[in-house]
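Notes for the one structure printed next.
The values are calculated or read from the model by the stated rules, or taken from the named source; none is laboratory data. Note that the structure is predicted; figures quoted are calculated from it, not measured. Cβ sites come from the backbone with ideal geometry, for glycine too, and all protein chains shown count toward neighbours. The protein model used for the area step is the full one, side chains on, heavy atoms only, and it has no ligands, DNA or RNA in it. Shrake-Rupley method; radii C 1.70, N 1.55, O 1.52, S 1.80 Å.
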Amino acid sequence: MKAFEPHYDSHGIPHYGKDHPYDGKEYKMQEATGLIVQYVKSVTAIHVPNERSAKTNKYTLFSLMRQGVRPGVSDWIFLTPSTAFIELKAKGGKLNDNQIAFLLEMKDKGFPIAVCWNLDAFEFLIKSHANKNFK
């Protein structure tokens with residue numbers, strides 16, 4: 001696996017693998033990253049299926065928000081004993097305002113954050129987290 005160097009956007013958010021983004025639907029990328037997670041036993045990872053909040057009626061959206069759903073939460077949260085937040089993006093994707101705000105809030109609180117653009121970059125990041133090299 002080749003090493004990845006992050007590219008930082010204007011907000012200071014690191015992007016991994018943006019030069020070679022996943023060329024498919026983002027939900028397929030999420031499914032594939034779910035398989036990768038199963039093989040890195042030293043990291044507990046949680047996928048946050050937050051997309052439904054953007055595709056529902058206002059009543060349901062407000063109800064979900066009262067229950068704790070937060071727009072912009074990263075797709076993956078790595079836990080072990082530290083925590084990191086990973087947002088997935090496929091070709092043509094971009095961070096929305098809520099995602100930027102969430103990532104910057106987590107960065108300000110000292111958590112590692114990243115935007116991941118392909119499966120190799122995701123594998124690199126989860127293994128880096130497992131080896132305590134993702135900071």
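Can you pull out every residue in region 8-22 that is over 15 Å from the mean Cα position of the chain (by Cα) and surrounded by 11 or more Cβ atoms within 10 Å (Cβ to Cβ)? If the condition is that a residue be over 15 Å from the mean Cα position of the chain (by Cα) and surrounded by 11 or more Cβ atoms within 10 Å (Cβ to Cβ), then Asp9, His11, Asp19, His20 are the ones that fit. For region 23-33, residues that are more than 16 Å from the chain's Cα centre (by Cα), open to solvent by 40 Å² or more (accessible area, probe 1.4 Å) and not acidic (Asp, Glu) total 0. Of the residues in region 91-103, at least one is out of contact with any Ser or Thr (no Cβ under 7 Å at 6 or more places or on another chain), under 22 Å from Phe4 (Cα atoms), in contact (Cβ under 8 Å) with a residue 60 or more places away in the chain and among the basic types (Lys, Arg).
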